[in-house]
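> Let me begin by handing over the structure; questions about it come next.
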Amino acid sequence: MHTSASHTQPWAPPSGADVRMVQVGPYWDAVRAPEALGARALGLLGGATGAVIADYNLMYWLIRPGAAQRWRRIRQVQTLGTGRLETSYLGVPPVDRTSGPYLHWRVPLGPGRYLTDADRLREALVRAVVTELGGGIGVDEEDER
């Protein structure tokens, strides 16, 4: 499944051995979830996921800048990037680092696998929260993001 508006990305992860700190917003925003929720959401997304960065107990999806700006808050999920008052940076692992537990690509970048569709990701994360955490709908109705 095509998960990006383009088959090429305007940036590339580092090709050396070092992690690069990349500002969230100019190329992509990020959605962070704890590993248990992220793994369930990843399963729900299947082939519709874009690239995913993992670091110990956290997973980060790359999404189109501004795509989650109006999301209502999802329990234990944080959006980083466009529309925030603070500037965020995300450690990006070298392109060939695909195992952890340290910073690595859980789902590596690839042709047609760059950004995840934000609406599908949100739906998968809400379903994951309901399954993993139970109760409610997984969304805080009072806090719009």
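> Assess whether Arg70 counts as being under 13 Å from Arg122 (Cα atoms), assigned to a loop (DSSP other than H, G, I, E, B) and not β-branched (Val, Ile, Thr).
When the stated conditions are applied, Arg70 passes them.
> Just for region 50-66: of the residues that are in contact with a helix residue (DSSP H, G or I) (Cβ under 6 Å, 6 or more places away or on another chain) and modelled with pLDDT of 95 or more, which one is farthest from Val95 (Cα to Cα)?
Ile63
> Could you grab me the full set of residues in region 84-99 that are more than 18 Å from Trp11 (Cα to Cα) and touching a Pro at 6+ places or on another chain (Cβ under 9 Å)?
Once the filter is applied, which keeps residues that are more than 18 Å from Trp11 (Cα to Cα) and touching a Pro at 6+ places or on another chain (Cβ under 9 Å), region 84-99 yields only Thr98.
> Something else now. Collect the residues in region 58-94 that are within 28 Å of Asp18 (Cα to Cα) and basic (Lys, Arg), keeping them in residue-number order.
Arg64, Arg84
> Continuing with the same structure: Inside region 81-145, counting only strands (runs of 3 or more DSSP E) that do not spill past its ends, which hold 2 or more residues that are modelled with pLDDT of 90 or more and under 17 Å from Glu35 (Cα atoms)?
It comes to 89-92, 104-107.
> Taking Ala48, is it surrounded by 14 or more Cβ atoms within 10 Å (Cβ to Cβ), touching a residue at least 24 places away in the same chain (Cβ under 8 Å) and under 14 Å from the mean Cα position of the chain (by Cα)?
yes
> Ala41 fails exactly one of the following numbered conditions: (1) within 22 Å of Thr87 (Cα to Cα); (2) at pLDDT 95 or above; (3) not charged (D, E, K, R). What is the number of that condition?
The one condition Ala41 does not meet is (1).
> Sticking with this one: Do we find that Arg72 is surrounded by fewer than 18 Cβ atoms within 10 Å (Cβ to Cβ), among the basic types (Lys, Arg) and touching a residue at least 24 places away in the same chain (Cβ under 8 Å) in this structure?
Yes; evaluated as a whole, the condition is true for this residue.
The values are calculated or read from the model by the stated rules, or taken from the named source; none is laboratory data. Note that this is a predicted model, so its numbers are computed, not measured. For neighbour counting, all protein chains shown are included, and Cβ atoms are generated from backbone atoms with ideal geometry for every residue, glycine included.
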